[in-house]
Amino acid sequence: MKVGFIGLGHMGSGMAANLLRAGHEVTVFNRSADKLRPLLDLGGREATRVADACAAEVVITMLADDDALRQVTLGDDGIVAELRQGGTHVSMSTVSVELTRNLSEAHEQARQRLIAAPVFGRPEMAAAAKLFIVAGGAPEALRLCQPLFDAMGQRTFPLGPEPAAASLVKLAGNFMIAATIETLGEALALVGKAGIDPGSFVELLTSSLFPAPAYRTYGTLIAERKFEPAGFAVPLGHKDIRLLLAASQSLHVPMPVASLLNDRFQRLIAQGREKLDWSAISELAAEDAGLRRTGSS
């Protein structure tokens, strides 16, 4: 299949590479040209502007936030303006429910189709084609794109015809991961202050009560304090919690834990630790317990 791919960050680079390895014809665009070379070596084609990536039947975006996606999609010479009628835009970024609804309307008016297909997984899972993909969009569009999802992920979860549903589910899932990080940080601060080895505690938990990947991955990162290089940086985690709170307010759903997490991320950023992995919010519990000097990393 001919595919345009826009956004070659930590996640997008691995995803585009797997599309190429699966035999798809991929035209790649990224604002930083240095990210292009590994994909060109795999047979990818270079797009010097967004419009070049929109010549395909499907264009995929994997961008950092609402502003970047809005500019690439709705800006002058953006996807809505350049994608042919009947073409499909697959938005795989974690963005607001409101923006996804706006994009759905814009594509519909242009006689195009939007699929929201955000992913669960860190960069190493993207590189290994092991992502979990949450997809919302018209059934025929989902069928068209399933071979692409199969090349990038281990399982796709269709959520029906409404793209915004996929964006909401992704935000809810990221909230649960962040809440897991916070509870792990608090529990490890407790046992750590009592002199119990944090690694042994994580091994006990993940081998018995909590064998889920989130506990294994983040429990290990927290116990070993491996917050650099960031697989998912603090500002991105903060962005997702803020978007979740906006969605909860629009639906009149109180989410007090999300409010706590918002404060945790804001505190890290205020201390100049925005380059750390989002799991570094766990350090704040250790600092509150007097285990480490405030501002340590």
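Can you pull out every residue in region 7-35 that is of a type in the set (A, V, I, L, M) and either in a strand (DSSP E or B) or more than 19 Å from the chain's Cα centre (by Cα) (or both)? Passing the criteria: L20, A22, V26, V28, A33. Taking the numbered list (1) within 28 Å of T217 (Cα to Cα); (2) in contact with a helix residue (DSSP H, G or I) (Cβ under 7 Å, 6 or more places away or on another chain) in turn, A110 passes all entries but (1). Among the conditions (1) at pLDDT 95 or above; (2) loosely packed, with under 15 Cβ neighbours inside 10 Å; (3) outside any helix (DSSP H, G or I), R273 misses just one, which is (2).
Within region 228-245, the set of residues being in a helix (DSSP H, G or I) and not basic (K, R) comprises V234, P235, L236, G237, H238, D240, I241, L243, L244, L245.
Of the helices (runs of 4 or more DSSP H) contained entirely in region 88-193, those carrying at least 1 residues that are within 26 Å of A285 (Cβ to Cβ) fall at 123-127, 163-193. Just so you know, in region 202-220 the residues that are loosely packed, with under 13 Cβ neighbours inside 10 Å and polar (S, T, N, Q) include one that is farthest from L131 (Cα to Cα), and it is S208.
In the set (1) surrounded by fewer than 23 Cβ atoms within 10 Å (Cβ to Cβ); (2) touching a residue at least 60 places away in the same chain (Cβ under 8 Å), the condition left unmet by N102 is number (2). Taken across region 45-67, residues that are on the phi > 0 side of the Ramachandran plot and over 22 Å from the mean Cα position of the chain (by Cα) do not occur at all. When we screen A179, A230, A214, A194 for residues that are among the small types (G, A, S) and without any contact (Cβ under 8 Å) to a residue 24 or more places away in the chain, the only hit is A194.
Comparison of A129, A141 shows that the only residue that is in contact (Cβ under 8 Å) with a residue 24 or more places away in the chain, over 22 Å from V253 (Cα atoms), surrounded by 19 or more Cβ atoms within 10 Å (Cβ to Cβ) and over 16 Å from the mean Cα position of the chain (by Cα) is A141.
The values are calculated or read from the model by the stated rules, or taken from the named source; none is laboratory data. Owing to the predicted nature of the structure, the values given are computational and were not obtained by experimental measurement. Using ideal geometry, Cβ is built from the backbone for each residue, glycine included, and neighbour counts are taken over all protein chains shown.
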